[in-house]
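Have a look at the structure below before the remarks.
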Amino acid sequence: MHRNFKMAQVFRGTFIHSTPQTALQVLEDALLGVDSAGKIAFIGKGENVLELSQKFGFNPSEVIKLAQHEFFMPGLIDTHIHASQYSYAGTALDMPLLKWLNTYTFPVESHFKDLEFARKVYTQVVKRTLRNGTTTACYFATIHTDASLLLGQIANDFGQRALVGKVCMDRNDSVEHYRETLQESVDETHRFIKELLNKKYPLVKPVVTPRFAPSCTEALLKQLGTIAKNNNLHIQSHISENIDELELVKNLFPDSETYTDVYHKFNLLTDKTIMAHGCHLSDKELTVFRETGTSLSHYARNVLNHKVKLGLGTDVAGGYSSSILDAVRRALDASKVLTIQNPEYQTLTFEEVFRLATLGGSQVLSLDDKIGNFEVGKDFDALRVNVAARGGPIDLVQCEAPKILLEKFLNLGDDRNIVEVFVAGRKVVPCADQTVE
């Protein structure tokens, strides 16, 4: 590899990541080279800098050295976020799911037919999530094709890796002007996929997006399963978020044994499918998830016990924060509450949740051959973290080991501690403010 690409950057310092075997691996005084294609060309020991510089053709004096309280970690991966709901994030948290959708979500999402409104919201959410360290996001947009294409353009222009979904819904009796006909949904999904792929954005791809089973007819679900299969695309949706939703699904799909069966019947559960929530999935349903390779955006240990791929999501705006760091904290808190309720429940450790936020997320999105940790040949998606950043939220009393610094960052840190963000070797934070045409 080093013969084909020139070294663009070489860093020396502490690198913290996960492997499939180890939730947390600390590489102290390591040397990592990023080639001109944005890929990790080598990882070695700092003491071997001269040998490595001769082998890979870089000047030792140009190596970028991390400070005492700094480390690199893989970029955070948000496996479930509604970009179109960002304008009311932090509010409207006072209702259960179905009432919340009808009262807040559908009326707001209907405004995205206005491209200027869409541009403003989508620009803000991409910039904010990047500053929060989200190098990869799996986005729900709305039913509006042109606005959804605009989200893809904005993610590309700011350098974020993204899966973008034009929402499909041909059933919505509560806000009638916010739905499509079956034919409109199918035709516009085809157009969205074709036009987004024709852009040839290197890091932005389409994802087939039935909103959730209650907003789709069986005919639409069947068509979307076929579209995803014929184009070898990712699929995203929601499942088993609350009890009222489960009852609604039973009434709408009486021939299906379970909620999972609805999707499975129409070929929507694949090794490139991401389902959000799954709070009430049975063991039998989780077995189907494992057998089909379907992933969950969630945080519960029982999902891991079933060997189902698992990652974290912010779920904006049902989730109030656009930072995966907050998702990490909520996952840890929820795990502790479950242990209080059932002492036999095994609490998630911060190391395990760190893996969910990075490598786990890459596995959920079937991108773990490209991102998720620091391995030679993978893209350099990374955060440069300074736990002692001036004006930041963390106070250090004494010199701490890297593992302690990571734990403090995960529990106390925010964007002030994220000094730089890299996606595929390109520094995207800080960056000059861009105007998206």
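The values are calculated or read from the model by the stated rules, or taken from the named source; none is laboratory data. Here the structure is a predicted model, which means the values were calculated and not measured. Reconstructed Cβ throughout: ideal geometry from the backbone, glycine too, with neighbour counts over all protein chains shown. Surface accessibility is based on the protein's heavy atoms, side chains included, excluding ligands, DNA and RNA. Shrake-Rupley method; radii C 1.70, N 1.55, O 1.52, S 1.80 Å.
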*Ignoring everything but the protein chains, give the 1.4 Å probe accessible area of Arg128 in square angstrom, nearest 10.*
80 Å²
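Going by accessible area, probe 1.4 Å, with all protein chains left in place, what is the ranking of Cys431, Cys168, largest first?
Details: Cys431 65, Cys168 0 Å².
From most accessible down to least: Cys431, Cys168.
Taking R0 as 45 Å, what FRET efficiency do you get between Glu351 and Tyr88 from their Cβ-Cβ distance, rounded to the nearest 0.05? Please list the in-between numbers first.
Details: r = 34 Å, r/R0 = 0.76.
Rounded to the nearest 0.05, the efficiency is 0.85.
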*Order of 374-385, 192-203 by packing, highest average Cβ count within 10 Å first?*
374-385, 192-203
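Near Arg179, within a Cβ-to-Cβ distance under 14 Å, what is the net charge of the other residues, with Lys and Arg +1 and Asp and Glu -1?
Residues near Arg179 contribute -3 overall.
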*Place +1 on the Cβ of every Lys and Arg and -1 on the Cβ of every Asp and Glu in the chain, take the dipole about the Cα centre, and give the residue among Leu24, Tyr259, Phe112 whose Cα lies farthest towards its positive end.*
Leu24
*Computed [θ] at 222 nm, deg cm²/dmol, the chain (DSSP H ≥ 4; -39,500 (n - 2.57); rounded to nearest 500)*: -10000 deg cm²/dmol
*So how exposed is Ser322, as accessible area in Å² (1.4 Å probe, rounded to 10)?*
10 Å²
*Give me the distance between the Cα centres of the range 143-175 and the range 209-260, rounded to whole Å.*
18 Å
_Correct choice for P(r) over Cα pairs in 20 Å bins from 0, in percent that was computed from the model, options (i) 23, 50, 24, 3, 0; (ii) 26, 57, 17, 1; (iii) 20, 35, 25, 15, 4, 0_ = (ii)
*What ranking, highest mean first, results for peptides 294-301, 157-164 when packing means the other Cβ atoms within 10 Å averaged over each residue?*
294-301, 157-164
*Size of electric dipole in the chain: Cβ of Lys, Arg +1 and of Asp, Glu -1, about Cα centre, debye, nearest 20*: 1140 debye
*Based on DSSP, what percent of beta bridges with both residues in the chain are antiparallel, to the nearest 5?*
45 percent
*Is any residue of the range 299-334 close enough, with backbone N under 15 Å, to a label point placed 7 angstrom from the Cα of Asn242 along the Cα-Cβ axis, and if so, which?*
317-320
*Heavy-atom surface of the chain, accessible at 1.4 Å and reported per residue (Å²)*: 42 Å²
